[in-house]
Structures are given as structure tokens and as C-alpha cells.
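Reading through the C-alpha cells given below for one structure.
What follows is calculated from the coordinates using simple rules that are stated; it is not laboratory data. Predicted model, so just to flag it, every value in this text is computed and none were measured. Note that we place each Cβ from the backbone using ideal geometry, even for glycine, and neighbour counts take in every protein chain shown.
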Amino acid sequence: MVRQSDLIRPEEAGNLSGLFQERVRRTPDRVAYTHYDAGSQRWVDTTWREMALEVGRWQAAMRREGLQPGDRVAVMLRNSREWVVLDQAALGLGLVTVPLYTDDRPDNVAHIVKETQARLLVVNGRRQWRRLQEVETGFDSLKRIVSLANIEIEDGARDRHLESFAEWSFGCHGEPQRAGAGPDTLASIVYTSGTAGRPKGVMLTHGNLLANAWAVCAVEPLYEDDVFLSFLPLSHTLERTGGYYFPMFYGARVAYARSVQQLGEDLRSVQPTVLISVPRVYERLHARIAKGLARKSALTRRLYELTLEVGARRYTRSLGQAGWRPSLWSWPLLDRLVAAKIRTQLGGRLRFAVCGGAALSPKLAREFSALGIPVLQGYGLTEASPVVSVNRPADNRFDSIGAPLDGVEVRIGADSELEVRGPNVMQGYWRDEAATRATLSEDGWLRTGDQVRQDEANRLYITGRIKDIIVLNNGEKVPPSEMETAIGLDELFDQVVVAGEGRPYLCALVVLNAEAWPAYAAAWDVDPADPASLRDRFVERRLQERIGRALHDFPGYAQIRRVAAQLEPWTVEAGLMTPTQKLKRVRILKLHAADLDRLYEGNCDA
């Protein structure tokens, strides 16, 4: 475990820039960050002392630019040590960071820059700049656009404020400054990746983010050799709090993945001990395992099932939730033959993995934990900095989102809605008093919009979402997200939206897995390249049967009676998915209104 003298306490940090500077003072020569250098094709380390020098350089350039405390700085960078350097440079000067998703739509970026009146925008390079040039207005407030990569401005370029970082910071250096920010000083405006309508700017203070990261420290202490692999966008508050500020309290090392496409290689190279992710990553890994098993013999498949059975018993027994059985004697052999090989795909050293951002199927959490990869599901939202609750390693329940963090109060309000209060709760929404009043009570309770129940041990369980509940015309209420998660476990379905508000029965809009579809099409004797085959009633019935098997545990009224399938995915670029991989249900339903009308025409003969 980390030496007690290395663990920074909130009162010693004071604020977020103080946390960084105290870490530099205590462990200047310890490796802070690791990144892959494409030029030398190797992983490169950066120490805390080296990070401090870079922060000083950025701050000198910001001062020369004339930026003043309270000015907003927009950050549109992929995960990297430069993201941390920029954030710390801004916070140390009393500036306010505005994180932007690197793959967000240009019009959305322009809206955020305009609404926050950002003075500085930092991008990775030419590709982002060219995309932003598609937008005619929204960037008038900017004094400077800085590109990390060298970039040539073409003749006739509209914005003459663009400079490469090398040019912008030429001759700049100095000792990093530490802000005198108090707990109520605004640190960041984080725009929610809302699934409907325009995103809102959540105002988070130094105190909000510092308190939440410190509360996470009590969930599971870190060791000196712990390594995080960062791949969720740092503009996502879960990664920022859990994968940036939290490790800084301990001085743990953070490695930055090259890309989601290369995540498998990076996991094996970096061999992280802690992983923070969203359900989609675990679902994809599970789908790859299932696909591989489908090609194996019946004996191999049975061996895998036995490994899950014995592994789950072993894991739940370690939590005091199950007793001993003779089958546990077989674990060393099953581990060597099956489980260890799967863990190797994730680097082989994971102590635990945290899942947040959306609901993870309890079945998947159980399977990975049975294989020796404990998955701790938690719950949070940007407005709470973001973590509200999480399962603890010594008390993990696969169907629960865990108990609230220390210092976080919860209560169950009207319609079973979870309400939260604590030092992690936002100041409000940026320049949106009406939305703030609708979400925050006068005495500081945050309405989450999620429905929960709470057991005698204080653990929370999500039961639905107030706005997402589908009410059929017979009055039955259905939580579509749970059904969509269950359907999505089938390798054939990549994306799912369940519909049926005010209708007599439920339908599903599905995006099929382009790699898996040809094999199924061949088995059903249809042409996989013919779009008309997806609307064939025979194919629809086969899809409906698969969905029915996925929903066998749901009540009778929560069954899918019609299906509309396509191969074109719903994407961020099309405005149908948030950068955090959540589907924008309202927009998708509107886009496919004609398909839905077709599914509800006449009597259902399913």
C-alpha cells in the first residue's frame, strides 16, 4: 500500500491546483504519466517534476495572453498528459476549464464556446480545426486557438487567431503557480452529454471535485505500483475524478491508451491494476468471448461454464455471501485452463474494475468477477462530480449500485426518485436559473431523475428512470433501459431502443452487428447484402425469437412484439448518440417515426 506520508489529505491540498503541487513536492521523481510515443514506437514516462515544468510553461503563455482569473478555457484534447498539464495550468491561475469531447459535433462545440464566452480553445491539430471551420459563428469570444500539433494555416483561413503550441509558448517558462481558490471557487463548467435536447453546463467548484475524489479514496486504497489505464474521455467527469484526481491523492501512475481500437493491445502492454470503464467495454469483451466459444467444442464450452460456476462460488464466498463446497478444490486447474487466459487479455494484473456511466447487466458483472476480475458497479451524474455511490470490494452486489460515498447524503423522494446532497453537488447550471431551480432544492438536494430502492445495509438499487419509463395504453409501466441492456447481450444486436409509449405493445428498433449478421443471414437463407431482407417478415420473426429469449425473465407485458432492424449504426456524428455512448432516445424515435408507424399498423400477427 502507498506510504501514509505520500497520501495527500484534502486540507493539505486546499484546492485542485494545491493537490497537484503537493504531489510534485512529495514525490517529484516518481513516474506520474505514461504515454505511447508514435515516433519511437515505445511507451514513455513523465515524472511529477517534469509535469510541473510543463505546467509552468503553459501558465507563462496564458499570462502573456492576458487571461484573467475567472476566464474560461476550452479543452478539446484526447486523453493525454497535456490534458492534465492544461487543466492544472488553468486551475493554478484561477481560470475555469470547459472540457469538450474531441468527436463532438462542430455546432455543439460552437454552442458551448459561445455560451461560456471561452477566451482560449486548445485542440489536438488539423483534423479538429478543419471540422470546426464548418461552423460560421460561435467562436467570436476566443482570443486564441492553440493547436498542440504544428499546423499550417491555408490562405484564406477564416480565423487568424490559430497558432501552434510551439509558436504560442515560445520563450515561456517559470515556476507553476498555485491558485488561492476556496472550496466555492468555480473550477470547471462540464456540459452534460444529455440524451435529449441541448446539453447544460454543470458548474463544479474546487470543493466539489476535491471532496468527491477524496471520498473515492475511502472505497479502496491504492498501492505504490498501481497503474490506471485511461481511455474514457477526460471530458467525462467519471474519468476526470476517478482516473485523474483520485490517483493524484496517492501518486499512482496513469497510462494513456492510444485509442479504443487499440485498447486490447494497450491493456496487454500496460498491464493496469485498476480500470474505469462504461458497460459497453465489458459488453464487447463478453461478445468476443461468446463468439470464440461458439467455435469451440461442446467440451470447451462446458469447461467455461464450470469455470464460471466455481469462480462465482469462490468469489461470493470471499465476500461472506456463500459457504464452502468441494467443487472449490477444482479452481486452481480451472483458473489455469480458462480464467487466467481471459485475464491475460486485460493485462493479467487487474485488482478491480469500476463500471459507471450506465447500468451494467448483473450477469456480466457476475461473470467477470467469477473470472477473477472483480467489477464494482457504481452510480453518479455530472451534477454530483460525479460519484454518488459504488460497491465496495468487500461488499459487492452485482445488482446494486452500492452504498453512498462517505459524506454523501441520499434520500428517496416522490415517485421513488433518488435525491442527493453533499459537498460534491454542483453550484448549478451555467446561466440557466430555471433549470437549476428545477434540479436543486433551496436546501441543496439534487434531484437525479433516477428511481431507486434502498436495503437495510444502505445499498441502492436502480429501479427505473422517471423520464424514460414507457407507459403502455393499458397502464403497464416498463423501464426500457433494462430491456435494452438484456437484448444487447446478444452478439447479433449492437444497439437497441425499445418503444411503445401510449401504444398497445412494445416494439424494438435494433442495429445489427455488421460482422455477425452475414452468418445469421446465411443460416436463414436470405441475402445479407440486400436491405430488403431486413424487412422480411420471416427475418423479423427470427429476430423477435432471439429477443424473446433475451427477455425471458421479464414479465409478459414487457415483451417485444415487432422489430425494425438496420445495419447503419446510430452515431455521435449523426447526433444520435452522446460522446459517452448513450443513445439519444428521443431523436432516434423521431428519426424512425415511419418505421414505428409501420410496426403498429393493423393487428399484430406476431
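Cβ neighbours within 10 Å, averaged per peptide: list 220-231, 244-255 in order, most packed at the top.
Those peptides, ordered most packed to least, come out 244-255, 220-231.
By other beta-carbon atoms within 10 Å, ranking D536, D455 with the fewest at the front produces D455, D536.
Tally Lys/Arg at +1 and Asp/Glu at -1 over every other residue whose Cβ is under 9 Å from the Cβ of T47; what's the total? Charge balance near T47 sits at -1.
Among A558, A594, L543, which residue has its Cα positioned farthest towards the positive end of the charge dipole of the range 507-606, with +1 placed on the Cβ of Lys and Arg, -1 on the Cβ of Asp and Glu, and the dipole taken about the Cα centre? The one lying farthest along the dipole's positive direction is A558. Only one item in [x] 1.17; [y] 1.07; [z] 0.99 matches Cα Rg over 2.2 N^0.38 Å derived from the coordinates shown, and that item is [z].
In whole percents, the pair-distance distribution calculated for the range 470-599 from its alpha-carbon pairs, binned every 10 Å from zero, is 12, 45, 35, 7, 0.
Cβ-to-Cβ counts within 10 Å put W324, W214, W331 in ascending order as W324, W331, W214, the fewest first.
Dividing the summed helix terms, -39500 (n - 2.57) for each DSSP H run of n ≥ 4, by the number of residues in the chain produces a 222 nm estimate of -9500 deg cm²/dmol to the nearest 500. For the range 470-599, the dipole from Cβ point charges (+1 on Lys and Arg, -1 on Asp and Glu) about the Cα centre works out to 540 debye, to the nearest 20. Once you reduce the range 59-134 and the range 258-323 to the center of their Cα atoms, the two points are 38 Å from each other. For the set K296/K582; K363/K584; K363/K590; K143/K200; K200/K363, the pairs lying more than 30 angstrom apart at their alpha carbons are K296/K582; K363/K590; K200/K363. Each eigenvalue of the Cα gyration tensor of the range 427-476, multiplied by 5 and square-rooted, gives one semi-axis; in descending order these are 26, 20, 7 Å. When D490, D37 are sorted by how many other C-beta atoms sit within 10 angstrom of their C-beta, beginning with the fewest, the order is D37, D490. Taking the charge dipole of the chain about its Cα centre, with +1 at Lys and Arg Cβ atoms and -1 at Asp and Glu Cβ atoms, the residue from C217, V498, N15 reaching farthest to the positive side is C217. Across the range 380-466, the mean sequence separation of Cα contacts (distance under 8 Å, 6 or more residues apart), normalised by length, yields a relative contact order of 28 percent. Modelled label positions at W329 and E136, each set 7 Å beyond Cα in the direction of Cβ, lie 7.9 nm from each other.
What does the charge dipole of the range 380-466 about its Cα centre add up to, to the nearest 20 debye, if the Cβ of each Lys and Arg holds +1 and the Cβ of each Asp and Glu holds -1?
Dipole of the range 380-466, to the nearest 20 debye: 160 debye.
Treat every Asp and Glu Cβ in the chain as -1 and every Lys and Arg Cβ as +1, leave all other atoms uncharged, and give the resulting dipole magnitude about the Cα centre to the nearest 20 debye. Value, rounded to 20: 1200 debye. Specify the inter-centroid distance of the range 379-444 and the range 498-565, based on alpha-carbon positions, in whole Å. One Cα centre to the other: 36 Å.
When the alpha carbon gyration tensor of the range 326-444 is reduced to an equivalent ellipsoid, its three semi-axes come out at 39, 14, 11 angstrom, largest first.
Can you tell which of L360, L121, P332 lies farthest toward the positive end of the dipole of the chain, using +1 and -1 charges on the Cβ of basic and acidic side chains (Lys, Arg; Asp, Glu)? Of the listed residues, the answer is P332.
Just so you know, the Rg over Rh for the range 153-293 is 1.04, from Cα atoms, with Rh as the Kirkwood radius.
For the range 380-466, the average shadow cast by the Cα convex hull is 5.9 nm², which is a quarter of the hull's surface.
Once C-alpha pairs closer than 8 Å and six or more residues apart are averaged by separation and normalised to the residue number of the chain, the relative contact order reads 11 percent. Cross-link reach is defined here as a Cα-Cα straight distance under 17 Å, omitting same-chain residues fewer than 8 places apart; for K114 the aspartates and glutamates meeting it are D71, D104, E134, E136, D140, D159, D432.
Using Cα-Cα distances under 8 Å and only pairs 6 or more residues apart, what relative contact order does the range 470-599 have, in percent? Before the final figure, lay out the partial values.
On the way: 177 pairs, mean separation 30.0, N = 130.
The normalised contact order for the range 470-599 reaches 23 percent.
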